[in-house]
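> My questions will all concern the structure given below.
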Amino acid sequence: MSLRVFNTSTGQKEEFIPLREGRVGMYVCGVTVYDYCHIGHARAAIVFDTVYRYLQHLGYEVNYVCNFTDIDDKIIKRANEENIGWQEVTEKYIQAFYEDMGQLNITPPTTEPKATDHIDGMLDMVSSLIEQGK
């Protein structure tokens, strides 16, 4: 059984061929954790959980990465409103996210990085782009 996907570059449906045989990397932009989940978060989780499970069903080894944006102006604003640290805000809403996704029977991604764990890499990338004039 093969999977056909729409290639936005060619405008055609094409057979899905992974870059590495038998393996698929799937990155999904996750939630910014300053409030409880809404129906849009649930929809995205259900869609990509379905894709993840289907790829596994087809026999692919899937590295599914979905991040948490855990520092943002909205998070800082919420921390100030609640008179708590921004880390407390993010942990509260990450926990609520896990509870909500559990109720929906969503399979957790392989990896769930937090943005704050990668700030040095982001700064290096931005500096490199500036140096290249991009």
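> Just to confirm the filter: which GluC sites (Glu not before Pro) across segment 4-72 are DSSP coil and have at most 12 other Cβ within 10 angstrom of their Cβ?
Here the GluC sites (Glu not before Pro) that fit, given the DSSP loop and packing criteria, are Glu21.
> Among 84-92, 38-46, how do they line up from the highest to the lowest mean number of other beta-carbon atoms within 10 Å?
By packing density, highest mean first, the sequence is 84-92, 38-46.
> Assuming 0.36 nm per residue, please report the length gained on full extension of the stretch Arg20 to Glu88 beyond their Cα-Cα distance.
20.5 nm
> Got a sec? Which residues in segment 59-74 would a label at His118 touch, if it sits 7 Å along Cα→Cβ and we count backbone N under 16 Å?
63-72
> How much net charge surrounds Gly102 when only the other residues with a Cβ under 15 Å from the Cβ of Gly102 are counted, with Lys and Arg +1 and Asp and Glu -1?
Net charge around Gly102: -4.
> Follow-up question, since we're still on this one. Along Cα→Cβ, 7 Å out, is where each label goes; now give me the distance between the ones at Thr8 and Ala96 in nm to one decimal.
So the label points at Thr8 and Ala96 sit 3.1 nm apart.
> Quick one: how many lysine pairs in the chain have C-alpha atoms under 25 angstrom apart, if they're 8 or more apart or on different chains?
Close lysine pairs under the 25 Å cut-off: 5.
> Any chance you could run the full-extension gain for Leu58 through Asp73? It's 0.36 nm times the residue separation minus the Cα-Cα distance, nm to one decimal.
1.3 nm
> Roughly how big is segment 4-131's charge dipole about its Cα centre, with Cβ charges of +1 (Lys, Arg) and -1 (Asp, Glu), in debye to the nearest 20?
My answer is approximately 580 debye.
> Suppose we keep just the DSSP beta bridges with both residues in the chain; what percent of those would be antiparallel, to 5?
Counting only bridges with both partners in the chain, antiparallel ones make up about 35 percent.
> Follow-up. For segment 1-82, what's the relative contact order in percent, using C-alpha pairs closer than 8 Å and at least 6 residues apart?
35
> Out of residues 5 or more away from Met26 or on other chains, whose amide H comes under 5 Å of its own, with H placed 1.01 Å from N in the peptide plane?
For Met26, the qualifying residues are Asn63, Tyr64, Val65.
> Rounded if a/c is under 1.5, else prolate if a/b is larger than b/c, else oblate: which is the chain, with a ≥ b ≥ c the root eigenvalues of its Cα gyration tensor?
oblate
Throughout, read-outs are computed from the coordinates displayed, never taken from laboratory work. The shown structure was predicted, so the numbers you read here are calculated from the model rather than taken from an experiment. Cβ sites come from the backbone with ideal geometry, for glycine too, and all protein chains shown count toward neighbours.
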